[in-house]
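To start, the structure under review is shown below, and the notes come after it.
The values are calculated or read from the model by the stated rules, or taken from the named source; none is laboratory data. Note that the structure is a prediction, hence the values are computed from the model and not measured. So basically every Cβ, Gly included, is an ideal-geometry build from the backbone, and we count neighbours across all protein chains shown.
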Amino acid sequence: MTLLIGSLTMGLILALLAFGVLISFRILAFRDLTADGSLTLGGSVAAALLVSGWNPWAATFVAVLSGALAGATTGVLAMKCKINGLLAGILVMTALYSVNLRVMGKSNVPLMESRTILSSAEQLADASTHWRIWIGLWPGQFGYEDVFLPLALDHDMSVIGLVLLMIAAVGVGMVAFFRTNLGLAMRATGDNPDMIRALGVDVDWMTTLGLAIANGLTAFAGALLVQYQGFADVQMGIGMVVLGFASVIIGETLVGSRIVGFLICGAVMGSVLFRLLVAIALRWGLNPNDLKLVTAVFVLAALVTPDLWKAARKQLSPAR
C-alpha cells in the first residue's frame, strides 16, 4: 500500500511536468528537451534555498522563476538566434547540468532537517485530530438531528490532498489562460504560425513566452519532487521529458479529445496511471535494475498503442 500511495503522489507531482510538456509539444508544436534540465534546476534551486532557511513557498516560487528563465533561454536561442529548436533545447539542457552543480555546490543535497511545503501538510495532519466535522441527518432518523465526528488525516493523505489542490489550481489556471486572447494567440502560434504572423502577432515572442511557462511548470514539479523525496540530485531529471511525453500521449488516448481542458485532465490521468503501472511492476517482483528498461517499454507502448488502435478500428469498420 505504501508503494502505491507513493506512486500516486509521484504521479500527481509529475503531472506538472506533463503540463509543461503539453504546452511545448502540443500547444506550441516545439520539440523542447529543456525539461530534463529545468526539472533538476527547479529541484536544485528549491533545495539550496530550503537548506539556507528560506520559506518553502518562497523557495518554490524562485525555483519556478528559474525554470521559466531556462525555457526563455531556449526560446531566444531558437527564435532569435535561429538555432534548431531541438538543438537549442539540448544546448540549454547540457549547460544546466553545470548550473545545477553550481547551485547545489555538490551532486546531492539532503533536506531531512529542512521545513518544506509537504512537511507543513504533515504537521497539519497531526493537528487534525482536534478537528470536528458536522454531519446533518434527517430529523428523528437516529433520535437526534446533528452528529459530530472527529476527523483525523493520515500523513500520506494530507500530502496527496495538498498536491491535488495545487494540481487543480494550476489546471484551472491553464484552462482560463488558454481562453484569453493571449492564450488563444499562443495556441494559434502552434497551429499555424504563418497565419498568426500575418495577423500581427510576434511569433518569436509568443513561442518564447510559451516555453518559459512550460519550463516554469516543469521546475515547479522538480521543486515539489525534491521536497517530497527529501533530497535533490543532479541526475534526477534524466529521461523526464520522455515520461512527460508518455503521460500526455496516454492522457490523449484516455480522454479521446484535443480540447484543452480535456488534454489537461488527460495529462494528470496519464501521469498517475504511468506511475501506478511502474509501481505494480515493482510489486510483482521487478528487479529495480530493470526499471529504466520497463519504463522505456511503457513509453513505447504509450506511443504505439494509439496508432495500432486506430488501424484496428479502420480494418474492422468495413466488416460492420
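Descriptive notes on the structure:
- Residue among 273, 303 that alone is within 22 Å of residue 252 (Cα to Cα) and surrounded by fewer than 16 Cβ atoms within 10 Å (Cβ to Cβ): 303
- Any hit, the stretch 50-64, residues being within 13 Å of residue 217 (Cβ to Cβ), in contact with a Leu (Cβ under 6 Å, 6 or more places away or on another chain) and either surrounded by 24 or more Cβ atoms within 10 Å (Cβ to Cβ) or not charged (D, E, K, R) (or both): no
- Number of positions in the stretch 65-102 that are farther than 15 Å from residue 24 by Cβ and touching a Leu at 6+ places or on another chain (Cβ under 8 Å): 6
- Taken over the stretch 204-250, the residue count meeting the criterion of being in contact with a Leu (Cβ under 9 Å, 6 or more places away or on another chain) and not in a helix (DSSP H, G or I) is 6.
- In the stretch 1-29, residue modelled with the highest pLDDT [restricted to those that are outside any helix (DSSP H, G or I) and out of contact with any Ser or Thr (no Cβ under 7 Å at 6 or more places or on another chain)]: 29
- Exactly one residue out of 216, 161, 222, 190 is over 30 Å from residue 82 (Cα atoms) and within 23 Å of the chain's Cα centre (by Cα), and it is 161.
- Only a single item in (1) without any contact (Cβ under 8 Å) to a residue 12 or more places away in the chain; (2) under 27 Å from residue 46 (Cβ atoms); (3) among the β-branched types (Val, Ile, Thr) is not met by residue 180, and it is number (2).
- Residue ID - nearest to residue 230 (Cα to Cα), chosen from residues in the stretch 14-72 that are in contact (Cβ under 8 Å) with a residue 60 or more places away in the chain and among the hydroxyl-bearing types (Ser, Thr, Tyr): 44
- Residue within the stretch 75-86 that is within 29 Å of residue 114 (Cβ to Cβ) and out of contact with any Gly (no Cβ under 9 Å at 6 or more places or on another chain) present: no
- Of note, residue 205 does not satisfy the criterion of being surrounded by fewer than 16 Cβ atoms within 10 Å (Cβ to Cβ), farther than 28 Å from residue 101 by Cβ and at pLDDT below 90.
- On inspection, residue 182 qualifies as over 23 Å from residue 54 (Cβ atoms), surrounded by fewer than 17 Cβ atoms within 10 Å (Cβ to Cβ) and modelled with pLDDT of 90 or more.
- Tally of residues being more than 15 Å from the chain's Cα centre (by Cα) and of a type in the set (Val, Ile, Thr) across the stretch 239-272: 4
- Looking across 313, 275, 258, one residue alone is at negative phi, among the charged types (D, E, K, R) and outside any helix (DSSP H, G or I). It is 258.
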